[in-house]
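Engineer: Once you've had a glance at the structure underneath, I'll fire off some questions.
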Amino acid sequence: QVQLVESGGGLVQAGGSLTLSCAASGTIFRDIARGWYRQAPGTERELVAVITSGGTTNYQDSVKGRFTISRDNAKKTVYLQMNSLKPEDTAVYYCYAKFVLLGEFWGQGTQVTVSS
């Protein structure tokens, strides 16, 4: 059974930094893509950043230059380094993964709150 476990959320002042981690467990074959989405109250879930198995990355325009997604294949873990955080980055951040043969999975979500 595949699980995605997130960590690293919290409260930070505007301009600060946080790093989110998403560790995958279970019998996992090669992944197609791993990523991060976020959802603020009253809004739809939106893509923040994605990284493919080959290392290609893509970011939402509003986080380009501030957020960096990376992966450690040996640890089956994906990271989201978030710098220069803004109050509008406040949301629940969800880890996402699409694995070969297994399909798509989501983490339970971790709260990120940026105070002004």
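Computed from the coordinates by the stated procedures, all read-outs in this text should not be read as laboratory data. Since this is a predicted model, take the numbers as computed values, not measurements. We place every Cβ from the backbone using ideal geometry, glycine too, and count neighbours over all the protein chains shown.
Engineer: Could you pull out every one of the strands (runs of 3 or more DSSP E) wholly within segment 49-106 that has 1 or more residues that are at positive phi and either exposed (fewer than 15 other Cβ atoms within 10 Å of the Cβ) or aromatic (F, W, Y) (or both)?
Structural biologist: The strands (runs of 3 or more DSSP E) meeting that bar are 103-106.
Engineer: Could I ask something else about it? Considering only residues of segment 6-48 that are basic (K, R) and in a loop (DSSP other than H, G, I, E, B), which is nearest to the chain's Cα centre (by Cα)?
Structural biologist: Only one residue tops the list, namely R45.
Engineer: Condition check: aliphatic (A, V, I, L, M) and closer than 15 Å to F99 by Cα. Does V2 satisfy that?
Structural biologist: Criteria met by V2.
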